[in-house]
Amino acid sequence: MIRYSLKRLLTAIPVLWIAITVCFFVLRLAPGGPFDGERPLPQTVKDNLAAHYNLDKPLVSQYLIYVGNVAKGDLGPSFITEDFTVSEQIAIGLPYTLKLGGLAFVFSIIVGVSAGIYGALNRNALSDYALASLILAGLVVPNFLVAPVFQLIFGLKLEWFPVGGWGDGSVRFLILPISVLSLPHIARISRLMRGSMIEALNTNFIRTARSKGLSDRAIVWRHALRPALTPIVSYLGPAASYLLTGSLVVESIFGIPGIGRYFISAALNRDYGMVLGTVIFYMVLIMILNLLVDIFYSWLDPRVRTQ
Amino acid sequence: MILRSLKEDIVKDVSGDGALEKPGRSLMQSAMLRLMRNKAAVVSLFVLAALILIALFGPYVIPFNYEDPDWAAFRAPPSLESGHYFGTDQNGRDLLARTLYGTRISLAVAFVATLVSVMIGVTYGAVSGYLGGRVDQAMMRFVDIMYALPYILFVILLMVIFGRNVYLLFAAIGALEWLTMARIVRGQTLSLKEREFIEAARATGLGPAAIIFRHIVPNLSGPVVIYAALTIPEIVVTESFLSYLGFGVQEPLTSLGTLISDGSDVFEVLPWLLWFPASFLILLLLSLLFIGDGLRDAFDTKDHKS
Amino acid sequence: MTLKRILTVSDLHVSFDTDDGIVNAVRGVNCHLDAGECLGIVGESGSGKSQTFLAAMGLLSRNGTASGKIDFGGRNILDMTKAELNAVRGSRISMIFQDPLTALTPHMRIGDQMAEVLGAHKKLHGAEALEVCRRWLDRVQIPEARRRLRQYPHELSGGMRQRVMIAMAMLCEPDLLVADEPTTALDVTIQAEILDIMDTLRQEHGTAIALITHDMGVVARMCDRIQVMRDGEYVEDGTVDEIFYRPKHEYTRMLLDAVPRIEIGSANKDRGTPDVIYDKSSDFLRIDDIRVDFKINRGLLSPPLNLRAIDGVSFNLMQGETLGIVGESGSGKSTLARAVLQLIPPSSGSVTWLGSPLNDIDKNALKSKRRDLQIVFQDPLASLNPSNTVGASIMEPLKVFEKHLTHAQMQQRVYEIMERVGLNPALNNRYPHELSGGQNQRVGIARATITKPKLIICDEAVSSLDVSIRAQIIKLLMDLQRDFQLSFIFISHDLSVVWEISHRILVLYLGTIVELTDTARLFGNPQHPYTKQLISAVPLPDPDIEKKRQRIKLKGELSSALDPRAKMRFLPSRLGLVESGYVPKLEERFPGHFVAEHDAIEDLLV
């Protein structure tokens, strides 16, 4: 298992390197620079800035310096926010994003999986149709539409929760953003889960389990759950990156000072250093997550292990 | 299964059971027939057709244009008398015209990007599956890795660097949505390759090109159609999402995402600015989703065994 | 002596609600089972033979409903609540299924899967339960039972898995064991062992067995009484002797006639010499020392593993002759067929066709020769392109080899060949999924014969068909052979089919020839221990012979071709030579009778 994980990590490094290289050069190809603001700066100031950020050196040495720094964990300076390096900015935003994303991740898995199992076991019952409509709503209403509606209903009209902000980070502040963030995932996960559970319950080994006189509970929990979870597990990787995408919107709408919001404003302000740094950081995060997912996978299906 | 075997008359088999000369029904045709029996999918097909038609021809019929303000009507609520059926925005622009225009953009992005993703995905998947072996392993490992990357960030990166160009948006989304298609096509190709009818074709003396075009490609159409149909709504959402964040098409052009973004800012005072574009988006997504699901069920013969 | 009545089924109906309306799978069936007896339920696919007992186990699929009465211990099973039913199944009635790989839960250890039965019915848990499981694994002759308890199903061979299924079904010593095609997915030698185990358990524990099968040989060997089922009804029932020696119903007679009856130990069988004797000095088809290697990829970073699927096979074929190739799964028989046709290029050795080489020639030269070399596959549906009409599939070889014909002429040829193979030409525009298995196999044969080839390889061409259809297809093939002077290489795992159709037979074991001679001599005077074991394992549709016959059991199981020692299974005295790549040599023991080197059979018996 450890060898396997190491091997996966080793294959991830070249990928990361290629991605960084491509991003770096694509960025440099771009017309316009970070200092082409609305008020033109005097040329000397520009030159000083460029020298400070190594922008005056040949492209190849800029690239080598950057890759060298990234390898040391330094994502370089932010071009706009002078007081902080990119790593520091990320460190500031990370706790918010992690808490929001992590809770939404766990919440959507728990709710999605349970709803899916429930739907599979109560096929074509009234509650199954209710679940189907919930799934449909989650799939077709994008979260940037759900967010203002929730803010209006639960924030302004009912005054149950604050409309935005992080406050002290307590549950009251978290409920709205987490539900907005989770809704589409709950929809996808429960749809997948319902389908795979139905499929699992139709397999030959479930027929064997029934022929052994096991209770329905034992059949579902001991025999059907693990194979049914397989598609969910393979969805977790993409889900994590979808969740990040969602957090861009949710952090902006609810005014939460996480990485997502920094990223958007950095992108709109062409802060290359910050944009590139964030992309790299997210890539590493997601690769680690995928590794965990793969390990979990081999627990679900022992056949993967012996291969 | 039981049904099929029961129908199979054991003794009559020799005589060819005296069937009438009638055209058979291909798998594709039976799938389409099953689709037509799916009420939700049929209704959605009509809704989608209607949406496409009014998005295409509506702007020529209504008296307002998507960018010129009507100086007589700023922030006008929807009304039948003024001719602004959907009302106007803060700049006096007719919301109906803008919504139709936005729908057009959303649809265009969706179809072009889907086309791009289908082309890349099918080629990549078919090549990977047909070559097999180590090439296949390497190609699929690449897809696995790409799959896990936060691709929306890359799109944003591209949009930032190259300006908010609509064509680039098409290409960028399409180029990043092909991964699942590639996986599906590859899997299908691999399993087709192992099927005995491919071997039969080889034994007949058919060359690789003839095998690919006569025997593999026609059998890929089912999964490709299904998945393409499921990709379209994904792309519509992605586009509106990017536009919402301000990385999509630029003023005075507009898309449903941009309209929703503008609308949600003034949601409390001018609610129609959110409701109309939002309803269009939801209606569009809903019909696409039902069609995609309908197609999947229609092609999936697994559900039909007893 | 009257035996205890265990199960009484009266007027049972089972129906399924499908897309195409209600299907009545079982229509008013009556039967009963006494303690310790074995009842055979025989029928072809779709006859509803499994549904009776699935209903008794409460295992009908969701769209199925059963009505009538299944009396078990004074209670009607169909009226039981789920909890009552769960108390019965697994404990007093248990069941084993056809495919032991998919019938076991893949992610649970063997021990856990077995122990949970004891947990549910006897409140036995933990080490105590595992100990009971281990004893049962011993009883079904699984070696190293203690270790097996910790293994997962995919780590066991097919035969081992089925033994595990049996042990699991027997844990609570049930009154009735339902076996639904328990050996259909297994090789014939493994089948013999599984059937022996079931028979022993029945005698030792008095467990009644309901054996559902399509195989008359298995029934003849195992059963006391038989119910013959067709289209959801029992057409005839009686004791084994009645059914086999005095069948009353026309359908029963047809079933029995359709089964080839190997006459073992007699040299009477003679399909005669091939109708046309080709000049022996110049060969029709000659295979010389052919080898096929496969590379098994083990991920991106590890070097691929080499698997030698065919290891030095030589034989020849005359015009108009049928050579049968028999072997169990993993013997490489399908690979051999494909290597002959150059569908898989052999790694070494040569194939000579009408005096000129077939391998290592350029593509176009090979393509022109393909016209005379055709193949018919096992799965009729899979061997036809699902998106082409039947007519288009049959026409394809013409489009390749007779391009000068007009479309109308080609169509005419298609109609003619369809007629010839017993297909109604009206089916021309149909698609494969609209036809039955037998019809599709006729399409495959029509496609293979439309260019009037000289050699057709039949790769398990009748194995997936019901016996009655199988008999028709075999007859068709033999007719075509006579009319077109065809040669056949007929590959099958089924000795009785090969016996019926072949002039000569080649026995293959892990990619090497074990024995090669004419049919009568192979069955009349088999030389190699493996051949003897195979022949003794075939169940014969004759209860008298079957119940008296002694079976030969050899040490070891058919193992993987990846293990070089496996090839020396019949020559353990030379096991030391494995390192140097030694392969048992083929010797001509009698004229035209080739046998591979082996140790004396006494040393190989269990």
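The values are calculated or read from the model by the stated rules, or taken from the named source; none is laboratory data. The shown structure was predicted, so the numbers you read here are calculated from the model rather than taken from an experiment. FYI the Cβ positions are ideal-geometry reconstructions off the backbone, even for glycines, and counts take in every protein chain you see. These accessible areas exclude ligands, DNA and RNA; they are computed on the full protein's heavy atoms, side chains included. Shrake-Rupley method; radii C 1.70, N 1.55, O 1.52, S 1.80 Å.
Within the stretch C:37-50, the set of residues being modelled with pLDDT under 90 and in contact with a helix residue (DSSP H, G or I) (Cβ under 9 Å, 6 or more places away or on another chain) comprises C:43, C:44, C:45, C:46, C:47, C:48. Residues that are surrounded by 15 or more Cβ atoms within 10 Å (Cβ to Cβ) and outside any loop (DSSP other than H, G, I, E, B) are absent from the stretch B:60-83 altogether. Of all the criteria given as (1) crowded, with 23+ Cβ neighbours inside 10 Å; (2) within 20 Å of residue B:196 (Cα to Cα), the one not satisfied by residue C:433 is (1).
Here C:319, C:342 are screened, and the one residue that is touching a Phe, Trp or Tyr at 6+ places or on another chain (Cβ under 6 Å), modelled with pLDDT of 80 or more and not in a strand (DSSP E or B) is C:319. Per the listing B:256, B:220, the residue uniquely crowded, with 22+ Cβ neighbours inside 10 Å, hydrophobic (A, V, I, L, M, F, W, C) and either within 27 Å of residue B:293 (Cβ to Cβ) or free of Cβ contacts under 8 Å to residues at least 12 places away in the same chain (or both) is B:256. With a requirement of 3 or more residues that are surrounded by fewer than 17 Cβ atoms within 10 Å (Cβ to Cβ) and on the phi > 0 side of the Ramachandran plot, none of the helices (runs of 4 or more DSSP H) lying completely within the stretch A:67-184 satisfies it. For residue A:78, the stated conditions do not hold, so it cannot be described as polar (S, T, N, Q) and modelled with pLDDT of 80 or more. Of all the criteria given as (1) within 12 Å of chain A (Cβ to nearest Cβ); (2) assigned to a helix (DSSP H, G or I), the one not satisfied by residue C:108 is (2). Sub-9 Å Cβ pairs linking a first residue in the stretch C:147-169 that is assigned by TED's automatic domain parsing to the domain that holds residue C:122 and touching a residue at least 60 places away in the same chain (Cβ under 8 Å) to a second residue that is among the acidic types (Asp, Glu) and part of a helix (DSSP H, G or I), at least 6 apart or interchain, are C:159/C:193, ordered by first then second residue.
Does residue B:283 qualify as being outside any loop (DSSP other than H, G, I, E, B) and crowded, with 20+ Cβ neighbours inside 10 Å? No; evaluated as a whole, the condition is false for this residue. The combined condition, being buried (at least 22 other Cβ atoms within 10 Å of the Cβ) and more than 8 Å from every other protein chain (Cβ to nearest Cβ), is not fulfilled by residue C:390.
Each row is one residue, and each column tells you yes or no for (1) surrounded by fewer than 16 Cβ atoms within 10 Å (Cβ to Cβ); (2) among the polar types (S, T, N, Q).
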{"site": "C:84", "(1), (2)": "yes, no"}
{"site": "C:93", "(1), (2)": "no, no"}
{"site": "C:102", "(1), (2)": "no, yes"}
{"site": "C:108", "(1), (2)": "no, no"}
{"site": "C:114", "(1), (2)": "no, no"}
{"site": "C:121", "(1), (2)": "no, no"}
{"site": "C:139", "(1), (2)": "no, no"}
{"site": "C:157", "(1), (2)": "no, yes"}
{"site": "C:163", "(1), (2)": "no, no"}
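With the structure loaded, tell me whether residue C:375 is facing another protein chain (nearest Cβ under 8 Å), modelled with pLDDT of 90 or more and open to solvent by less than 20 Å² (accessible area, probe 1.4 Å) or whether it fails that test. Criteria met by residue C:375.
Looking at B:204, B:189, just one residue is within 12 Å of chain C (Cβ to nearest Cβ), surrounded by 23 or more Cβ atoms within 10 Å (Cβ to Cβ), out of contact with any His (no Cβ under 8 Å at 6 or more places or on another chain) and of a type outside the set (Lys, Arg), and that residue is B:204. Could you list, in sequence order, the residues of the stretch A:241-279 that are more than 10 Å from chain B (Cβ to nearest Cβ), over 14 Å from the mean Cα position of the chain (by Cα) and outside any helix (DSSP H, G or I)? If the condition is that a residue be more than 10 Å from chain B (Cβ to nearest Cβ), over 14 Å from the mean Cα position of the chain (by Cα) and outside any helix (DSSP H, G or I), then A:255, A:256, A:257 are the ones that fit. Has the stretch B:90-110 got any residue that is of a type in the set (Lys, Arg), at pLDDT below 75 and farther than 26 Å from residue A:286 by Cα? No, that holds for no residue. Within the stretch C:397-425, residues that are more than 22 Å from residue C:473 (Cβ to Cβ) sit with their Cβ atoms under 7 Å from residues that are in a helix (DSSP H, G or I) and open to solvent by 40 Å² or more (accessible area, probe 1.4 Å), at 6+ positions apart or across chains, in these pairs: C:398/C:413.
Of all residues in the stretch C:419-448, those satisfying the criterion of being more than 8 Å from every other protein chain (Cβ to nearest Cβ) and either within 27 Å of residue C:48 (Cβ to Cβ) or touching a Pro at 6+ places or on another chain (Cβ under 9 Å) (or both) are C:419, C:432, C:435, C:440, C:441, C:442, C:443, C:448.
Which of (1) under 20 Å from residue C:148 (Cβ atoms); (2) touching a residue at least 24 places away in the same chain (Cβ under 8 Å) is the odd one out, the single condition residue C:200 does not satisfy? Residue C:200 satisfies every listed condition except (2). Going through (1) in a helix (DSSP H, G or I); (2) within 14 Å of chain B (Cβ to nearest Cβ) one by one, residue C:119 falls short only on (2). Could you please let me know if residue C:364 is assigned to a helix (DSSP H, G or I) and either more than 7 Å from chain B (Cβ to nearest Cβ) or acidic (Asp, Glu) (or both)? Against the criterion (assigned to a helix (DSSP H, G or I) and either more than 7 Å from chain B (Cβ to nearest Cβ) or acidic (Asp, Glu) (or both)), residue C:364 qualifies.
Return yes when residue A:218 is under 20 Å from the mean Cα position of the chain (by Cα), assigned to a helix (DSSP H, G or I) and among the hydrophobic types (A, V, I, L, M, F, W, C) and no when it is not. Against the criterion (under 20 Å from the mean Cα position of the chain (by Cα), assigned to a helix (DSSP H, G or I) and among the hydrophobic types (A, V, I, L, M, F, W, C)), residue A:218 does not qualify. No other residue among C:450, C:505, C:473 is crowded, with 22+ Cβ neighbours inside 10 Å and touching a residue at least 60 places away in the same chain (Cβ under 8 Å) apart from C:505.
The selection criterion, being within 30 Å of residue C:585 (Cβ to Cβ) and either outside any strand (DSSP E or B) or in contact with a His (Cβ under 8 Å, 6 or more places away or on another chain) (or both), does not hold for residue C:491. Taking the criterion of being within 11 Å of chain B (Cβ to nearest Cβ) and in a strand (DSSP E or B), no residue of the stretch C:28-63 qualifies.
For the residues A:245, A:278, A:306, the requirement of being of a type in the set (Ser, Thr, Tyr) and at pLDDT 80 or above singles out A:278.
Filtered by the rule that a residue be basic (Lys, Arg) and free of Cβ contacts under 8 Å to residues at least 12 places away in the same chain, the stretch C:55-81 gives C:62, C:75. Any residue that is within 14 Å of chain A (Cβ to nearest Cβ) and on the phi < 0 side of the Ramachandran plot - is there at least one of those in the stretch B:117-126? The answer is no; no qualifying residue exists.
Only residues in the stretch A:200-214 that are at the interface with chain C (Cβ under 7 Å from one of its Cβ atoms) count as the first member; pair them with residues that are small (Gly, Ala, Ser) and surrounded by 23 or more Cβ atoms within 10 Å (Cβ to Cβ), Cβ under 7 angstrom, at least 6 apart or cross-chain, and list the lot. The qualifying pairs are A:204/C:103; A:205/C:103; A:208/C:103; A:211/C:90; A:211/C:94; A:212/C:90; A:213/C:90.
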